[in-house]
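Asker: Sharing a structure, written as structure tokens. Questions coming.
The values are calculated or read from the model by the stated rules, or taken from the named source; none is laboratory data. Note that the structure is predicted; figures quoted are calculated from it, not measured. Cβ placement follows ideal geometry from the backbone for every residue including glycine, while neighbour counts extend to all protein chains displayed. SASA here: full protein model, heavy atoms, side chains in, ligands and nucleic acids out. Shrake-Rupley method; radii C 1.70, N 1.55, O 1.52, S 1.80 Å.
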Amino acid sequence: MLKILYIVFSVLTGLLAGYSLISGATWTAPYIVLLLGIALLLTGIDERMKDKKGLGNISIFAGLFSIVIAISIFMTPG
């Protein structure tokens, strides 16, 4: 189940990044960071379930950090 969610969020991230590159739309950057953070979080959870705690912890931390950064970008006025 986690693998399917990881693939879905990775494909969505790739599609949104491709759209951003082709159209030059910069408003998509926070959404790309958010989707990438969710994908990293899912990777970390999957690695922790496989007893790879080191890589899992790093992925979870990076995913949560990316999600916090994306939320802070959403909260900024302007």
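Asker: Expressed in nm to one decimal, what extension gain is obtained for the pair Ala29 and Leu55 from 0.36 nm per residue of sequence separation less their Cα-Cα distance?
Answerer: Values: separation 26, 0.36 × 26 = 9.36 nm, distance 2.59 nm.
Full-extension gain reported as 6.8 nm.
Asker: Here is a follow-up. Work out the length of the dipole vector of the chain about its Cα centre, built from +1 on the beta-carbon of each Lys and Arg and -1 on the beta-carbon of each Asp and Glu, and round it to the nearest 20 debye.
Answerer: 160
Asker: Evaluate the distance, in nm, between pseudo-label points positioned 7 Å from the Cα of Leu64 and of Lys3 along their respective Cα→Cβ axes.
Answerer: 2.7
Asker: Please identify the DSSP H helices in the chain that span no less than 20 Å along the helix axis (Cα) and have a mean Kyte-Doolittle hydropathy of 1.6 or more. Write out the running numbers ahead of the final one.
Answerer: Numbers: long enough: 2-23 (31 Å, 1.77); 29-49 (30 Å, 1.43); 53-75 (32 Å, 1.81).
Once both thresholds are applied, what remains is 2-23, 53-75.
Asker: Let me ask another. Divide by every residue of the chain the summed helix terms, -39500 (n - 2.57) for each DSSP H run of at least 4, and state the resulting mean residue ellipticity at 222 nm, rounded to the nearest 500 deg cm²/dmol.
Answerer: Details: 3 runs with 66 residues, N = 78.
Counting only the DSSP helices, I get -29500 deg cm²/dmol.
Asker: Here's another thing I want to ask about it. Using only the heavy atoms of the protein chains and a 1.4 Å probe, how would Phe74, Phe9, Phe65 rank by accessible area, largest first?
Answerer: Phe65, Phe74, Phe9
Asker: Using +1 at the Cβ of each Lys and Arg and -1 at the Cβ of each Asp and Glu in the chain, identify which of Leu64, Gly14, Val33 lies farthest towards the dipole's positive end.
Answerer: Result: Leu64.
Asker: Ignoring ligands, DNA and RNA, please state the percent of accessible area on the chain from carbon and sulfur, probe 1.4 Å.
Answerer: Exposed carbon and sulfur together represent 77 percent of the surface.
Asker: Within region 38-78, which trypsin sites (Lys or Arg not before Pro) sit in a loop by DSSP and count at most 11 neighbouring Cβ atoms inside 10 Å?
Answerer: On the way: sites: Arg48, Lys50, Lys52, Lys53; in loops: Lys50, Lys52.
Answer in residue order: Lys50.
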